[in-house]
Amino acid sequence: MNMFAEAWGRVKAILGVKSGPGIGRDQALVPASSIAGRALVTVVAIMTFLASLAAGAAILIGDASSAWQDQVAREMTIQIRPTAGRDIEADSAKAAQLAEKTPGVAAARAYTKDQSEALLQPWLGAGLDLSELPVPRLITVSLTPKTRLDATALRRTLAAAIPGASLDDHRLWLERLAVMARTVVAGAAVIFALVLVAMVLAVAFATRGAMAGNREIIEILHYVGAADAYISRQFQRRFFRLGLRGGAIGAGAAIISFLALSTVSSWWRATPSGEQVDVMFGDFNLSPNVYAAIILIAAAVAILTGYVSRTIVFRHLRDLT
Amino acid sequence: MVRFENVGLRYGMGTEILKDISFAIEPQSFQFLTGPSGAGKTTLLRLILLSLRPTRGLISLFGRDALSLDKAAITDLRRRIGVVFQDFRLLDHLTTYENVALPLRVRGKEEASYRAEVTELLRWVGLGDRMHILPPVLSGGEKQRAVIARALIVRPALLLADEPTGNVDPSLARRLLRLFTELHKSGTSVVIATHDLALMDQFDGARRLVLGDGRLHIFD
Ligand SMILES: Nc1ncnc2c1ncn2[C@@H]1O[C@H](COP(=O)(O)OP(=O)(O)OP(=O)(O)O)[C@@H](O)[C@H]1O
Ligand SMILES: [Mg+2]
């Protein structure tokens, strides 16, 4: 009970909640006017905003790429090129049959002539008679997640049975996609780290400035019996509050930006050209992870701000003689 | 509780302001520190407070070698010393009440636990109606009393007062001196630096430490 009251007291002190009808206003010992407070809040807000964007973008790309990789990895394609003297309808039916018998395959669906032509329509236009063109046939093979398909064995079987058949396991695509996603995420991480370093430096400068401006106050506090730890806590409290304010503003702006982005993208997705983007990027949905990460960043920024200023003050006081 | 042995001090590369100072301040004693302006009274008090290091000699405080203490020990010693600065050193952004309560606050005490005590002391020094005023608005004498109250609030074992009556009229000076003598009777060692002869005459029996030409002469 007592411990709880004590902890609550500390929380109130940090938040600046006044307890009881005291005469003292719980006025901070480090005057607000002695710190370049507004400038620091602005810098912290901007840094939090940028860090949140970097983190959000990394999460977004990471999610999208893994969703896409999943989808692509669950499919393979068999292509059958028309060969002189062979019935392509029979060949594609046979290929589908062979594929379905292979362990690891859930289903194989052969595109009919009409469907293949429909696929080409966006490029060649409607109303064209394609029967004279050597249009290859596609068979999409969907895989079961449980058993791994032996792609080489299937490729060999197909080649033996049907000349002109080839199996595309999308590996090249997958690899490129993974590399791209990893590059983007690594870039975001570097930006995130740089922003954080810049912020720590800004806090350090502001703390040094505040200490220079408060040399007299620090001296008086020493004379009346304040320990170094107590004095550095006063600075920490001030800076934590400034960091909290800056972090909240930056995080709020970042959340609004992401909300706006997802709203715009959902409008856009409703248009026909949006559907293609949808196919490319999977569901361009903002997971709650992004928002959780942003809030976490804001909290971390506030704590970091307080911690950095406290450490600097403490070191400065220790070197003082 | 304070012992100086052959203490010398110079500021930077200047001449020695204090030379071969040796004296002791006993528990529950009362003394005036006097001498002409510029003789080094404030400097001597700063040495006791450990805010200056002597260029030579030994200083011991409360039985400990004061020149080899770590910061925690220095804080600990300072908590047993109350100081009245010649130039006040109040925090301008805190009210009179908050300034007087400061030594208790930095010791981590809850405001509720000392409110009555601080209010009472402020009334005693005649600042009862100036509690919520910021120091820049106070008169010189009011500031002086606020600083004295701040030094007394923790009931220090040793009180160092630098010109504590320099800014007040004679009758208030007498009242403040009575405050110091009361404190002395309750067990505190008191050192009052002053060149106010009238003040010293009011407490005739007190020991006098006289600074002149950098040397200290003691009249018991
Ligand atoms: N920080 C300093 N740097 C250099 N010289 C100083 C410093 N402080 C004081 N002095 C010099 O040391 C001498 C003693 O000063 P101090 O303030 O101790 O005198 P005092 O006896 O308190 O005088 P007063 O009665 O006017 O208060 C003076 O000559 C002063 O100029
Ligand atoms: Mg002086």
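The values are calculated or read from the model by the stated rules, or taken from the named source; none is laboratory data. In this text, all values refer to a predicted model and were calculated from it rather than measured experimentally. Reconstructed Cβ throughout: ideal geometry from the backbone, glycine too, with neighbour counts over all protein chains shown. These accessible areas exclude ligands, DNA and RNA; they are computed on the full protein's heavy atoms, side chains included. Shrake-Rupley method; radii C 1.70, N 1.55, O 1.52, S 1.80 Å.
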Zone residues, segment B:33-52, relative to B:LEU67, backbone N less than 18 Å from point 7 Å out along Cα-to-Cβ: B:43-52
Full-stretch length increase - A:THR112, A:SER262 - with 0.36 nm per residue and alpha-carbon distance subtracted: 50.2 nm
Peptide B:94-105, shielding by other chains (average Cβ, 10 Å cutoff): 4
Computed accessible area, B:SER186, all protein chains, 1.4 angstrom probe, square angstrom: 90 Å²
Candidate residues A:LEU98, B:LEU177: accessible-area rank, largest first, probe 1.4 Å: A:LEU98, B:LEU177
Length released on extending from A:LEU296 to A:ALA198, taking residue separation times 0.36 nm less the Cα-Cα span: 33.4 nm
Cα-based Rg of segment A:82-163 normalised by 2.2 N^0.38 Å, two decimals: 1.23
Spacing of the two label points (7 Å from each Cα toward its C-beta) at A:VAL72 and A:ARG38, in nm: 5.1 nm
5 angstrom amide H check on B:ARG56, placed H, neighbours 5+ away: B:GLY8
Neighbouring partner chain Cβ atoms per residue of B:149-161, average, 10 Å criterion: 1
Estimated inter-spin distance, B:PHE219 and B:GLU117, nm [label 7 Å along Cα→Cβ]: 3.8 nm
Subset of B:LYS19/B:LYS143; B:LYS41/B:LYS109; A:LYS101/A:LYS146; B:LYS41/B:LYS143 violating a 27 Å alpha-carbon distance limit: B:LYS19/B:LYS143; B:LYS41/B:LYS109
Area accessible to solvent at B:HIS184, 1.4 Å probe radius, in Å²: 40 Å²
Charge dipole magnitude, Cβ of K and R +1, D and E -1 - segment A:82-163, Cα centre, debye nearest 20: 560 debye
Area accessible to solvent at B:GLU117, 1.4 Å probe radius, in Å²: 70 Å²
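Out of the trypsin sites (Lys or Arg not before Pro) in segment A:113-210, which ones are loop residues according to DSSP with at most 12 other C-beta atoms within 10 Å?
Those satisfying the criteria are A:LYS146, A:ARG148.
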Extension gain from A:LEU133 to A:ARG148, taking 0.36 nm per residue of separation minus the Cα-Cα distance: 1.8 nm
Shielding score for B:110-118, defined as the mean number of other chain Cβ atoms within 10 Å: 3
List A:ILE231, A:ILE46, ordered by accessible area with a 1.4 Å probe, largest first: A:ILE46, A:ILE231
Relative packing of B:208-217, B:66-75, which averages over residues the other C-beta atoms within 10 Å, highest first: B:208-217, B:66-75
Segment B:80-220, Cα convex hull volume normalised per residue, Å³: 120 Å³
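Indicate, rounded to the nearest 5 percent, the antiparallel portion of the DSSP beta bridges found entirely in the protein assembly as shown.
Roughly 65 percent of the beta bridges in the protein assembly as shown run antiparallel, per DSSP.
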Cα-projected label distance for A:ALA186 with B:TRP124, points at 7 Å along beta-carbon direction, nm: 7.2 nm
Ratio Rg/Rh [Cα only; Rh per Kirkwood] for segment B:92-155: 0.93
Probe 1.4 Å, all protein chains present, accessible-area order of B:GLU142, A:GLU100, B:GLU120, largest first: B:GLU120, A:GLU100, B:GLU142
Cross-link reach list, aspartates and glutamates versus A:LYS113, counting only Cα pairs under 14 Å and skipping chain neighbours closer than eight places: A:ASP87, A:GLU89, A:ASP91, A:ASP129, A:GLU132
